[in-house]
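Single-structure report; data block below.
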Amino acid sequence: MISVIIQKRKKFHKRRHNKKNYVTLVIILFLLIIMTVYFVLFTDFFNISKIDVNDNKIVSNDEIILKSALRDGQNIFRFNKKQVINSIEKIPYIKSASLVRVFPSTVKIYIEERDIIGAIFYENTFVFVDNEQVVLEVNQKLSNTTIPIITIKEDAVGTIVVGDQLQINPEWVKKEVFDILNILQQEKLLGYISEINITEDNLFYLYTKKGSLIKVKNSDTVNEKLDFISTYLVKKDERMIVDLTHGGNPTYIPR
């Protein structure tokens, strides 16, 4: 009987000792967590000392950093990554952005910019657009001479809002002109075209930089006659009026 009592007492003291050890361990871990959080969030070690912007050609580093609201001396953990990216992507010329924290003190921002594909001439200004029909900029000067000017009657153009999609009525005309632009861009022929005019009867007149005029009915015509158009633009452009609207062989008239 006495031995049983002794065994019970030993077990009791052991459990009590283990409990004390557990409580002590929890307290130590809790203190370590507090110290780590304090070190990470409230010391200078993780403060931003460098903001590195990459892959941007049109939008300046300063504009991107200003839009991000990041700053030197800010703690690298104390900003919302998604909010920073969303803010940067509000710049019209920026298609997408990504961000990487490089510990202890560098933030790297990677940019994908939109490419200008054309400029709508509207109310004596140039409305720069990309291949997704997004309005990138409105300017009185044509700063980029490697893209075609797109001319159309002014009442066909809707409200111009930078960052929004271009409005042209009817909608199918807008689709056709951008399909033509995209084909020319993919075939590296965009630089040979100075102007695309949408006529009153919704034909598409392609004016070349060497002085020719190529008339097409729609983007299907451009696709069907792509080999001819490519050869003509690159090798033969001789100031002619070339008619491709009738579906047969091209007809030529000196211009």
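The values are calculated or read from the model by the stated rules, or taken from the named source; none is laboratory data. Given the structure is predicted, the values throughout are model-derived calculations rather than measurements. Heads up, the Cβs are rebuilt from the backbone with ideal geometry, glycines too, and the neighbour counts pull from every protein chain shown. Quick note on the areas: whole protein, heavy atoms, side chains included, nothing else; ligands and nucleic acids left out. Shrake-Rupley method; radii C 1.70, N 1.55, O 1.52, S 1.80 Å.
Brief remarks on what is shown
- Built from the Cα atoms of the chain, the convex hull projects on average onto 24.5 nm², one quarter of its surface area.
- Counting only DSSP H runs of at least 4 residues, each contributing -39500 (n - 2.57), and dividing by the residue count of the chain, the helix-based mean residue ellipticity at 222 nm comes to -11000 deg cm²/dmol.
- Where the chain is the region considered: accessible area per residue in Å², 1.4 Å probe: 61 Å²
- Placing a label point 7 Å from the Cα of Thr159 along the Cα-to-Cβ direction, the residues of region 104-138 whose backbone N falls under 16 Å of that point are 135.
- A simple spin-label model places pseudo-atoms 7 Å from Cα toward Cβ; at Arg101 and Glu123 they are separated by 4.6 nm.
- Rounded to the nearest 20 debye, dipole of region 112-255 from Cβ charges on Lys, Arg, Asp, Glu: 720 debye
- Where trypsin sites (Lys or Arg not before Pro) fall in DSSP loop in region 102-205, at most 12 other Cβ within 10 Å: Lys141, Lys153, Lys188
- Charge dipole (debye, nearest 20) of the chain; +1 at Cβ of Lys and Arg, -1 at Cβ of Asp and Glu: 3460 debye
- Across the chain, the mean sequence separation of Cα contacts (distance under 8 Å, 6 or more residues apart), normalised by length, yields a relative contact order of 10 percent.
- Within the chain, percent of DSSP bridges classed antiparallel, to nearest 5: 70 percent
- Accessible surface of region 122-255, 1.4 Å probe, proportion on carbon and sulfur as whole %: 45 percent
- Listed residues Ser194, Ser49, Ser143, most fluctuating in the chain (Gaussian network, C-alpha, under 10 Å): Ser143
- Listed residue (Asn249, Val177, Ala69) projecting farthest to the positive dipole end of the chain, Cβ model: Ala69
- Residue (of Leu136, Leu29, Gly211) at the positive-pole extreme of the chain, dipole from beta-carbon charges: Leu29
- Relative contact order of region 71-118, taken over Cα pairs closer than 8 Å and 6 or more residues apart, is 31 percent.
- Within the chain, helices built from complete DSSP H runs that reach 15 Å or longer along their own axis (Cα positions) and carry a mean Kyte-Doolittle hydropathy of -1.0 or higher are 2-42, 171-186.
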